[in-house]
1. Suppose the filter is under 18 Å from residue 51 (Cα atoms) and either at pLDDT 95 or above or surrounded by fewer than 18 Cβ atoms within 10 Å (Cβ to Cβ) (or both); does residue 148 pass it?
2. Residue 31 - would you say it is outside any loop (DSSP other than H, G, I, E, B) and either of a type outside the set (Val, Ile, Thr) or surrounded by fewer than 20 Cβ atoms within 10 Å (Cβ to Cβ) (or both)?
3. Filter the stretch 151-163 for residues that are over 30 Å from residue 133 (Cβ atoms) and in a helix (DSSP H, G or I); which is most open to solvent (accessible area, probe 1.4 Å)?
4. Run down 184, 166 and say which single residue is assigned to a helix (DSSP H, G or I), at pLDDT 95 or above and over 21 Å from residue 82 (Cα atoms).
5. For the stretch 195-248, name all the residues that are small (Gly, Ala, Ser) and part of a strand (DSSP E or B).
6. Return yes when residue 126 is open to solvent by 20 Å² or more (accessible area, probe 1.4 Å), modelled with pLDDT under 95 and closer than 21 Å to residue 68 by Cβ and no when it is not.
7. Just a yes or no: is a residue in the stretch 75-98 open to solvent by less than 10 Å² (accessible area, probe 1.4 Å), assigned to a strand (DSSP E or B) and aromatic (Phe, Trp, Tyr)?
Amino acid sequence: MKIDHLVVNVDAYIQEDKERIADIESIGLPYMPKWGKGTKGFKVSNLWIGKEYFEFVRIKAKDGGGWVQEWTTQYLSGHRGLIGFALEVEYIEDIYHKLRSQSVDVTPPEPLRFRWFFNLLTKTMPWRNAYLPGFTGVPFQFFLQQMNDEKARKFMEQYMVPNSQDQGISGISEVIIHGALTADDIRIICALFDDYEQNGGSITIRLGAQRIRFVNAGDYKVEVLLTCSNPLYAGKEIDIHNLHIRNT
């Protein structure tokens with residue numbers, strides 16, 4: 001299991017304002033917001049960080065144009081910032097059954113599909129997702145993702161351009177979530193992850209070289225630390241809604 005990508009609800013200016021785009025690029029993150037999937041109802045812009053990425057999402061129509069319905073509803077209700085936290089897994093069916101056995105109401109693994117070209121065509125992505133319940137203490141949810149096969153993975157990797165690894169920024173090393181988890185939120189975390197440590201009001205999850213930390217706090221915010229070997233960009237940071245991105 002590893003951090004794969006973060007789905008972030010954004011306003012139009014994150015995808016359209018030239019000065020804001022330049023701000024993102026100034027910390028070493030090449031950004032082409034016009035590229036990426038979309039329909040009449042939603043627009044996605046990807047910010048590639050090695051093999052991980054941010055998925056910036058803007059909803060353009062009330063029906064979401066095939067985007068995840070619950071996330072569409074939350075977007076239209078004013079939600080901005082992290083909405084979906086994707087974890088790449090190898091055995092999605094096994095994890096699904098494990099979570100169900102612990103009474104976690106996770107959805108069955110299914111491919112992401114959305115309709116396009118005036119709703120005449122259906123696009124099916126080459127992976128399956130399974131969604132855990134949304135947290136009640138912080139406004140996002142984990143979901144699992146597994147590529148169909150290695151061929152599909154290699155096919156998708158060719159679209160991971162422009163990529164910050166060309167600037168010496170190679171991946172997401174840590175995500176820190178500040179907020180007040182409920183008892184049910186903690187139950188979901190403990191059911192999902194095997195390698196975790198609880199210390200007072202914080203939970204640290206280790207995923208190989210990556211970490212996820214939950215820190216008890218009154219105000220909700222998310223920090224994302226990126227692995228940076230380029231001294232030109234080391235320590236540079238940017239805020240996108242309540243998401244704080246920093247090169248380390």
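1. Answer is yes for this residue.
2. Answer is no for this residue.
3. Among them, the one singled out is 151.
4. Selected residue: 166, the only one of 184, 166 that is assigned to a helix (DSSP H, G or I), at pLDDT 95 or above and over 21 Å from residue 82 (Cα atoms).
5. Result: 202, single match.
6. Against the criterion (open to solvent by 20 Å² or more (accessible area, probe 1.4 Å), modelled with pLDDT under 95 and closer than 21 Å to residue 68 by Cβ), residue 126 qualifies.
7. yes
Conditions (1) of a type in the set (D, E, K, R); (2) within 20 Å of residue 88 (Cβ to Cβ), marked per residue:
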{"site": "204", "(1), (2)": "no, yes"}
{"site": "209", "(1), (2)": "no, yes"}
{"site": "220", "(1), (2)": "no, no"}
{"site": "226", "(1), (2)": "no, yes"}
{"site": "237", "(1), (2)": "yes, no"}
{"site": "240", "(1), (2)": "no, no"}
{"site": "247", "(1), (2)": "no, no"}
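The values are calculated or read from the model by the stated rules, or taken from the named source; none is laboratory data. These numbers come from a predicted model, not from an experiment. Please note: Cβ atoms are built from the backbone with ideal geometry, for glycine as well, and neighbour counts cover all protein chains shown. These area figures cover heavy atoms from the full protein model, side chains too; ligands, DNA and RNA do not enter into them. Shrake-Rupley method; radii C 1.70, N 1.55, O 1.52, S 1.80 Å.
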